[in-house]
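Reviewing the structure listed below.
The values are calculated or read from the model by the stated rules, or taken from the named source; none is laboratory data. Quick caveat, the model's predicted, so the values are computed rather than measured. In this analysis, Cβ positions are derived from the backbone assuming ideal geometry, glycine residues included, and neighbour counts consider all displayed protein chains. For the accessible areas, the whole protein counts, side chains as well, though only heavy atoms, and no ligand, DNA or RNA atoms are used. Shrake-Rupley method; radii C 1.70, N 1.55, O 1.52, S 1.80 Å.
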Amino acid sequence: MNQAVFRSNLTKIIILSVLALAAATAYMLTDVNFANEKLFLYAMKIRTPKLIVMILTAFAIGGASIVFQSVINNRIVTPCLLGMNSLYTLIHTAVVFFAGSSSILAANANLSFAADLTATLIYSYFFKKTKHNVLYVLLIGTVLTSLFSSIQTTLTRVMDPNEYDNLLNTLVASFSNINTEIIIFSVIVLGVVIAFLGKDLSVLNVLTLGKNQAINLGVNYDRSVRRLLLGVTLFIAVAT
């Protein structure tokens, strides 16, 4: 039975991989002028970064969702309930509001991305104080989402219209206007997170059984949940 399930899952993964590869190939080669080398290279120069960002975003969102849903043992709830998106929006709004859109923290893409990553320290403290109780995490995350959104809305209402226009360009996600400066930074962050969580990712199936069962099977539940939730926040930071 296990072999049958394994083969079925492997077949699904292969089919999905082939479809994803076909979609990526179609995106890269559709409506491309192969006769003109310069036009072909220009098209590749524009489309390649976009394809890389699409892959990184899909990987980060998918990874965060799988880990988060495994930890809380629920396939419906998404990591958005943690309020991370609202926090990142608030951080960018606060930077523009207090320092201006021309400040180095707002203008430099890598520094701005690093500021997003430091926000994970807030959630690390939050996870520690709740003793990694997933119910408390969800409840407090819902409250924080409303809090961060309210503060961000208040700041935008009193912000200079020109600054708000510059801010809006950075807050609205669009694959037509991607930030290529942080691609390498994002790949490094994802690689470090995956390497850091390698051992904990291998026990996700055990964690879905519940805290008591996971502990009985020899898993350091609190440590694994703490590290995995922190990994989720970093994955969301990359996707955002």
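For region 75-187, please list each of the helices (runs of 4 or more DSSP H) lying entirely inside it that holds at least 3 residues being open to solvent by less than 60 Å² (accessible area, probe 1.4 Å) and β-branched (V, I, T). Break it down stepwise before answering.
On the way: elements: 84-99, 104-107, 109-118, 120-129, 134-157, 161-171.
Result: 84-99, 134-157.
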Close pairs from region 44-68: first open to solvent by 60 Å² or more (accessible area, probe 1.4 Å), partner among the basic types (K, R), Cβ under 7 Å, at least 6 apart: none
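Going residue by residue through region 200-211, is there one that turns out to be more than 22 Å from N74 (Cβ to Cβ) and out of contact with any Asp or Glu (no Cβ under 8 Å at 6 or more places or on another chain)?
Step one: list which residues in region 200-211 are more than 22 Å from N74 (Cβ to Cβ), which gives none.
Checked region 200-211: no residue is more than 22 Å from N74 (Cβ to Cβ) and out of contact with any Asp or Glu (no Cβ under 8 Å at 6 or more places or on another chain).
Looking only at region 184-202, decide whether some residue is modelled with pLDDT of 80 or more and over 30 Å from N220 (Cβ atoms). Lay out the reasoning, then the answer.
Initial filter on region 184-202 (modelled with pLDDT of 80 or more): 184-202.
From what is left, the residues that are over 30 Å from N220 (Cβ atoms) are 184-185.
Yes: one or more hits.
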Top-ranked residue in region 209-240 [being under 18 Å from A195 (Cα atoms) and touching a His at 6+ places or on another chain (Cβ under 6 Å); ranked as least open to solvent (accessible area, probe 1.4 Å)]: V225
Members of region 1-34 found to be outside any helix (DSSP H, G or I) and open to solvent by 100 Å² or more (accessible area, probe 1.4 Å), listed by number: M1, D31, F34
